[in-house]
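Structure, as structure tokens:
The values are calculated or read from the model by the stated rules, or taken from the named source; none is laboratory data. What you see is a predicted model, and the numbers here were worked out from it, not measured in a lab. For accessibility, only protein heavy atoms count, side chains too; no ligands or nucleic acids. Shrake-Rupley method; radii C 1.70, N 1.55, O 1.52, S 1.80 Å.
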Amino acid sequence: MNFDAFKSKAKLLRFAAVIAAAASTASIALADSTPPSFPVALHGVWFDDNREGKAQCRALKKAASADDDEVSRLLVGGVLIGQSMIHDYAEYGEGNFYALRALEKSGSNSWRIAVATGIDTSPEASQLADDTFTMELVRGRLTIRAKPHLHDLADGWTVNHRLRRCTKSS
């Protein structure tokens, strides 16, 4: 680019300011179009925060360390949280899949999320959010609160689901 067109330093600085503003606007637009993702603190395998959940976690860790090919069967009853998907794991890998569509921080360790739900399969990428949950992480325990739906209650789902992450040290 030929900067001779800018006869004064002031014109050059104004031009630079316009370019900087345009670049800033573009980066904001790109940031706004970035798909939401769950905080890293929520990623992992979670089981019910009770005696049975602890036993499931121990069995999963034992099978994983032994390179057991049947590890996936031990995920049944677990909740897997990845970057943008929750899989409430049921028999044979089926279960509910919740694709994150929106995430709003509502406290230091709590979030309100909007999800698209897939039953026994991932929801379509174009599917709009059809449910909302709140998630709260306190002292290593994750509570997921949902609005009660008749089909959820029929399937045995609870409105307040309290989970504990399955880690090497848990």
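Protein-only accessible surface at a 1.4 angstrom probe places the residues ASP130, ASP67, ASP49, ASP88 in the order ASP67, ASP130, ASP49, ASP88, largest first.
Largest accessible area first, the listed residues THR134, THR143 line up as THR134, THR143 when surface is computed with a 1.4 Å probe on the assembled protein chains.
Taking all protein chains together, ARG51, ARG73 sort by accessible area into ARG51, ARG73, largest first [probe 1.4 Å].
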